[in-house]
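The structure appears below as structure tokens.
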Amino acid sequence: MSTFSRFALPVLQRSTSAMACQALRACRRPAKAAGPLPSWLTSAQLRGHQTLGSASLPLARHSVRHVRALDEDRLMEGSMSWRSPNDNKVSIVWPDQHTSVFDAEWLKKRCFSTAARQAMREELFLNERYYWDSKLRIPTADYQEVLHDDKAALAWLLALRRVGIVYLKGAPVEQGQVARLAQRIGYLRLTFYGHTWQVQDKYMANNVAYTSGRLSLHTDYPALHFAPGVQFLHCINQAVEGGESEVVDGFHMAEQLRREDPEAFRILSSLHVDFTDTGMDYCDFMLQSKKCIIDLDGEGRVVRINYNNATRDSVLDLPLHQVQPFYRALKAYVDIMNRAENVVTYRMEPGDIVTFDNWRLLHGRRSYISRPDMLRHLEGAYLDWDEVMSRLRILRSSVNEDV
Ligand code: OGA
Ligand code: NM2
Ligand code: ZN
């Protein structure tokens, strides 16, 4: 394979780079800066029947026009020859005279050039994000359409991935809807708080979320080393007063921190802090975890935010000289996320479901007046990104086949 690939690379590079440019142009639209939403993600478009050809990454069809060997000194040696017949196949005659026939498109997708690998990675993982600030108009779709129409479901999941938050309207005002939505994707993520969980002001609350108090901006469940990737919250009953929701784009904030205070960014993305959660719900639990507030991948890109003051442990396992730098760095990040220009505020009404990327967004709620006869009630559920991305890929191929 490697002999073949090294030989194939220069031959395929011309057509592949054209393909990659096209894909990259498509990716660049959800650019890493706040601004107006790309047209395919506006609420108006999501509400209607969006055609998703423009939202997926187009891999144009190419024919193999000509093939030539460049500087393959050792590898060529007359040991292979290429044919590019009109059926868009590439044939290789190997030194032992057996022939391999490849579909040219299949082969191009497996090219080792940087651009081709980037295009393929983007097609599979959709890692390019659209960053936003307080000006965001949250993409909105119809709950029933998402359940019954594959195009609407694909538009929902694409926006969930790119923007990180999608609002669904028109759900029945009764429990069970977040589970139905999870079934549309695959299955939900069970945690110690149950398959789904009821956010209400509860007697002897085992979590600050189950009070009528304010929840400052947080991600859910950093006490789990593998925190849930996606969260659904369905409003069944809203408070008479208070209870508004707030969200910020944690990735966008992290990039602001990286620019404005690189030392704080370095500290938050390298020091591990402790999270803890003890109690009894689905069953009894005593969780401990160690996480960076900002998780990076091998190439230094932000991939997950872990931040929840309610479960950040008072045990801080750091050498003394790192304690104050850590708090200074955390404050720098929190100051950015509390800037009015970064926060989106909305108020959920019965029948609304908010779906969001729990690895990326921080969310909170204002305190509310709790009345026993008008109990505020949200039902929540978690999913993981693997299952969501799996459904997104399936929908993308089936919807694109129908076009
Ligand atoms: C939670 C949460 C939001 C709300 O339960 O973790 O963030 O509006 N709830 O109650
Ligand atoms: N609830 C809402 O990290 C957390 O404790 C998030 C989880 C209780 C399921 C809250
Ligand atoms: Zn929460």
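A few remarks follow.
- Residues considered: Gln231, Gln238. Of these, the only one that is within 10 Å of ligand 2 (Cβ to nearest atom), touching a Phe, Trp or Tyr at 6+ places or on another chain (Cβ under 9 Å) and either among the aliphatic types (A, V, I, L, M) or within 20 Å of Val354 (Cα to Cα) (or both) is Gln231.
- Of residues in segment 302-332 being within 16 Å of ligand 1 (Cβ to nearest atom) and open to solvent by less than 40 Å² (accessible area, probe 1.4 Å), the one nearest to the chain's Cα centre (by Cα): Ile305
For (1) in contact (Cβ under 8 Å) with a residue 12 or more places away in the chain; (2) outside the structural domain of Ser370 (by TED's automatic domain parsing), each residue gets a yes or a no:
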residue	(1), (2)
Ala205	no, no
Ser212	yes, no
Leu233	yes, no
Gly242	yes, no
Phe265	yes, yes
Ile294	yes, yes
Arg304	yes, yes
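- Neighbours by Cβ (under 6 Å, 6+ apart or cross-chain): first from segment 363-377, under 8 Å from Glu244 (Cα atoms) and open to solvent by less than 60 Å² (accessible area, probe 1.4 Å); second within 15 Å of ligand 3 (Cβ to nearest atom) and assigned to a strand (DSSP E or B): Arg365/Leu215; Arg365/Ser245
- Any hit, segment 182-201, residues being loosely packed, with under 15 Cβ neighbours inside 10 Å, more than 16 Å from ligand 3 (Cβ to nearest atom) and among the hydrophobic types (A, V, I, L, M, F, W, C): yes
- Taking the criterion of being out of contact with any His (no Cβ under 9 Å at 6 or more places or on another chain), open to solvent by 10 Å² or more (accessible area, probe 1.4 Å), in a helix (DSSP H, G or I) and touching a residue at least 40 places away in the same chain (Cβ under 8 Å), the residues of segment 136-176 that qualify are Asp150, Arg161.
- Failed criterion for Phe275 (all others in (1) touching a residue at least 60 places away in the same chain (Cβ under 8 Å); (2) within 16 Å of ligand 3 (Cβ to nearest atom); (3) of a type outside the set (Lys, Arg) hold): (1)
- Residue in segment 118-135 that is touching a strand residue (DSSP E or B) at 6+ places or on another chain (Cβ under 9 Å), part of a strand (DSSP E or B), at pLDDT 90 or above and closer than 30 Å to Thr196 by Cβ present: no
- Any chance Glu299 is assigned to a loop (DSSP other than H, G, I, E, B) and free of Cβ contacts under 8 Å to residues at least 24 places away in the same chain: yes
- Restricting segment 264-285 to residues that are part of a helix (DSSP H, G or I) and open to solvent by less than 80 Å² (accessible area, probe 1.4 Å) leaves a set whose member that is nearest to Tyr203 (Cα to Cα) is Leu268.
- Where Leu188 falls short, out of the listed (1) in contact with a His (Cβ under 8 Å, 6 or more places away or on another chain); (2) away from ligand 2 (no atom under 14 Å from the Cβ); (3) closer than 28 Å to His252 by Cα: (2)
The values are calculated or read from the model by the stated rules, or taken from the named source; none is laboratory data. Remember, predicted model here, so these are calculated numbers, not experimental data. With ideal geometry, Cβ positions are generated from the backbone for all residues, glycine too; neighbour counts draw on all protein chains shown. When the accessible area is computed, the model is the full protein with side chains, heavy atoms only, and any ligands, DNA or RNA have been set aside. Shrake-Rupley method; radii C 1.70, N 1.55, O 1.52, S 1.80 Å.
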